[in-house]
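Data first, discussion second: the structure below is written as structure tokens.
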Amino acid sequence: MSSEKYKHRYYYKESYEASIGTFACGCVFLFVAILSLVLRALDIDFIGLSAWGYWMFIPAFFIFIGGFQQLYRNIKYKQVVKNAVAQRNFEGTHKLEHIALEIGMRPKDILRVLVDLRNKGIVQYSFNSETGQIILGKGVIYQPATEYVPPTKKLDAPLPTEDKNFCVYCGHKLEVKASFCPNCGSKL
């Protein structure tokens, strides 16, 4: 299912991302703009901010629009994934790629949405430790391993998993030897 012919099958082109960074950036621009107006009212010239700083309202406005757009997109994505899971009666074993092709979202975005829905208690699921398929209706209780060290954000190659009794990606303690992590679904 991951061949080139399915590359353009997903019509939700934007990704599911947190919008808090966008709003924080907008707040910085807004703060500079307001500070420039205060400095202008008090007739203080700090690095010329009172002369040009109020122009920061314009980018702040567009940054906030982008943040609200991402927030709306995230809500829409959550609704689409929740509806797809509800059509399956919140139970059963399913391939992530099949759900992705059905609703037109990239599998990595569906996983991010599912993690958020699981954290809010809306959807319960785990991963089959042998096949990596999603098992809806069966929750997993995260058990952290004491020897787990979080990996760096950018990985060049898959992490080695030999002789480890935990998932090297999320730190979930594994009860039996598994091909996939039941918590995050990573291939071990």
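Since every read-out is calculated from the coordinates, none of them should be taken as a lab result. Bear in mind that the values here come from a model prediction, so they are computed numbers and not experimental data. Because the Cβ atoms are built from the backbone with ideal geometry, glycine has one as well, and the counts that use them run over all protein chains shown.
3J(HN,Hα) along the range 133-146, derived from phi through the Karplus expression 6.51 cos²θ - 1.76 cosθ + 1.60 where θ = phi - 60°, amounts to 6, 7, 10, 7, x, 10, x, 10, 9, 5, 10, x, 8, 5 Hz, with x in place of Gly and Pro. What's the whole-number percent of alpha carbon pairs in the range 140-188 lying beyond 13 angstrom? In whole percent, the share of Cα-Cα pairs in the range 140-188 beyond 13 Å is 51. The charge dipole of the chain, taken about the Cα centre with unit charges on the Cβ atoms of Lys, Arg (+1) and Asp, Glu (-1), comes to about 560 debye, rounded to the nearest 20. Computed from label points 7 Å out along Cα-Cβ, the spacing between LYS108 and THR131 is 2.6 nm. Electrostatic tally near LYS173: other residues with Cβ closer than 15 Å to its Cβ, Lys and Arg +1, Asp and Glu -1, net -1.
Other residues whose C-beta falls under 14 angstrom from the C-beta of LEU188 contribute a net charge of 0, scoring Lys and Arg +1 and Asp and Glu -1. On a 0 to 90 degree scale, rounded to 10, what angle separates helix 20-41 from the longest Cα axis of the chain? Taking Cα atoms only, the helix is inclined about 10 degrees. If you fit an axis through the alpha-carbon atoms of helix 107-119 and take the longest principal axis of the Cα set of the chain, what angle between them do you get, 0 to 90°, nearest 10? Orientation of helix 107-119: about 90 degrees from the principal axis.
Between PHE90 and THR146, residue separation times 0.36 nm minus the direct Cα-Cα distance comes to 16.9 nm.
For the range 85-169, trypsin sites (Lys or Arg not before Pro) meeting the loop criterion (DSSP other than H, G, I, E, B) and having at most 13 other Cβ atoms within 10 Å: LYS120, LYS153, LYS154.
When the Cα atoms of the range 4-136 are aligned to their principal axes, the ranges along those axes come out at 68, 35, 24 Å in descending order. Taking a sphere under 11 Å around the Cβ of PHE90 and counting the other residues whose Cβ falls inside, with K and R at +1 and D and E at -1, yields a net charge of +2.
How much FRET efficiency would the formula 1/(1 + (r/R0)^6) give for GLN79 and ASN165, where r is the Cβ-Cβ distance and R0 is 41 Å, rounded to 0.05? That pair, GLN79 with ASN165, gives E of 0.60. Which of the cysteines found in the chain have nothing to pair with, since no other Cys Cβ lies under 4.7 Å from theirs? Those would be CYS25, CYS27, since no other cysteine Cβ in the chain comes under 4.7 Å of theirs. Remark: the Cα gyration tensor places the range 62-133 in the prolate category, a/c being 1.5 or greater and a/b exceeding b/c.
Note on TRP52 and LYS154: with the Förster distance fixed at 45 Å, the Cβ-Cβ geometry gives a FRET efficiency of about 0.75.
Normalising the average separation of contacting C-alpha pairs (under 8 angstrom, six or more residues apart) by the number of residues puts the relative contact order of the chain at 18 percent. Evaluating 6.51 cos²θ - 1.76 cosθ + 1.60 at θ = phi - 60° for every residue in the range 62-72, the Karplus couplings come out as 6, 5, 5, 4, x, x, 5, 5, 5, 4, 5 Hz, glycine and proline recorded as x.
When Rg and the Kirkwood Rh are both derived from Cα coordinates, the Rg/Rh ratio for the range 64-188 amounts to 1.00. Placing unit charges on the Cβ atoms of the charged side chains and taking the dipole of the chain about its Cα centre, the candidate lying farthest along the positive direction among THR152, LEU71, ALA41 is LEU71.
Model label sites at ARG118 and LEU71, defined 7 Å from Cα along the beta-carbon direction, differ in position by 2.7 nm. Counting only residues at least eight positions apart within a chain, or on another chain, the lysines with an alpha carbon under 22 Å from that of LYS177 are LYS95, LYS138, LYS164, LYS187.
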